[in-house]
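Novice: Provided herewith is a single structure, encoded as structure tokens, for subsequent inquiry.
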Amino acid sequence: MSKTVATLFEYVSYQYKLAQETDSFSSAENVLYLTEETLQELDQLNGTKYFLEIGRKTLKPLNYIGVVRVGDLTIQILPKLFNNDSYETHKSIIAGNVLKMLSYTESLPITEIDTADLDTEEFEFFEVFVWLFAKNLAELIKSNQVREYVRRSEELHFVREQIDTRRYTNPAKLHIVPCVFHEFSRDNTLNRTLKYTCHLMSRMVRSSENFRLLKYI
């Protein structure tokens, strides 16, 4: 399924029209085409954090910048530093400024090296955040992958820790020993969660570099 990216600026009103099947954004018309389901989803998100002023025919981003995914649409909201006509020309400046501001927070581990390595001309903001997540996670697991003791139950040809006597009752299989043991393993809840998160992200990204990084993890 193709994904549409709509770049909006804070405090600028955009006309929207109802779409029958898929969401889209016409940069030539400066019009959003949204399905009823997408409008309802935006309204629900708005109830959590009021970031959009949704009227009967217009939609206006308020004092929040960032990215939201709804339906087939990615909406990225940028600060109004430049007008729409000059956005593409100054895309890297806007991206760099936002990342610089985020680097001063304690919420995201963004460093000067990250922003220098990142080709902000080629990435949408959603792709930027995914790239930062995947890049830092890939570097982390190279040197410090979490292991923990996990309880396992297997049939072995030797005794390991405890024999599961409840299952050791078949005279024809006395050479196979059902054991319960603990293994210091990478196959744990945290690593599975990270792996599944990367799998979900890989289905959403458009950047081949992001896809490669996520699949590597």
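The values are calculated or read from the model by the stated rules, or taken from the named source; none is laboratory data. It should be emphasised that the depicted structure is a prediction, and the values quoted were computed from it without experimental measurement. Ideal geometry is used to build each Cβ from the backbone, glycine not excepted, and the neighbour counts take in all protein chains shown.
Novice: If you scan region 150-180, which residues turn out to be within 30 Å of Leu214 (Cα to Cα) and either at pLDDT 85 or above or among the acidic types (Asp, Glu) (or both)?
Specialist: Initially, region 150-180 is screened for residues within 30 Å of Leu214 (Cα to Cα), giving 150-152.
Those that are within 30 Å of Leu214 (Cα to Cα) and either at pLDDT 85 or above or among the acidic types (Asp, Glu) (or both): Arg151, Arg152.
Novice: Could you look through region 55-78, keep only residues that are surrounded by fewer than 15 Cβ atoms within 10 Å (Cβ to Cβ) and in contact with an Asp or Glu (Cβ under 8 Å, 6 or more places away or on another chain), and pick out the one that is modelled with the highest pLDDT?
Specialist: It comes out as Leu62.
Novice: What are the pairs, 6+ residues apart or on separate chains, where a residue within region 196-213 that is free of Cβ contacts under 8 Å to residues at least 24 places away in the same chain has its Cβ under 9 Å from a residue that is among the polar types (S, T, N, Q)?
Specialist: Ser202/Asn210; Phe211/Ser202
Novice: When region 187-217 is examined, which residues are found to be hydroxyl-bearing (Ser, Thr, Tyr) and over 10 Å from the mean Cα position of the chain (by Cα)?
Specialist: The initial filter retains those residues of region 187-217 that are hydroxyl-bearing (Ser, Thr, Tyr), namely 189, 193, 196-197, 202, 207-208, 216.
Correct list: Thr189, Thr193, Tyr196, Ser207, Ser208, Tyr216.
Novice: Could you tell me whether any residue of region 199-208 is on the phi < 0 side of the Ramachandran plot, touching a helix residue (DSSP H, G or I) at 6+ places or on another chain (Cβ under 7 Å) and assigned to a helix (DSSP H, G or I)?
Specialist: yes
Novice: Does Ala6 qualify as being under 22 Å from the mean Cα position of the chain (by Cα), modelled with pLDDT under 90 and either surrounded by fewer than 17 Cβ atoms within 10 Å (Cβ to Cβ) or not in a helix (DSSP H, G or I) (or both)?
Specialist: Yes.
Novice: Further, regarding this structure: Within region 184-198, work out how many residues are of a type in the set (Phe, Trp, Tyr) and modelled with pLDDT under 90. Reasoning before the result, please.
Specialist: Of region 184-198, the ones of a type in the set (Phe, Trp, Tyr) are 184, 196.
From the residues that got through so far, the ones that are modelled with pLDDT under 90 too are 184.
Qualifying residue count for the region: 1.
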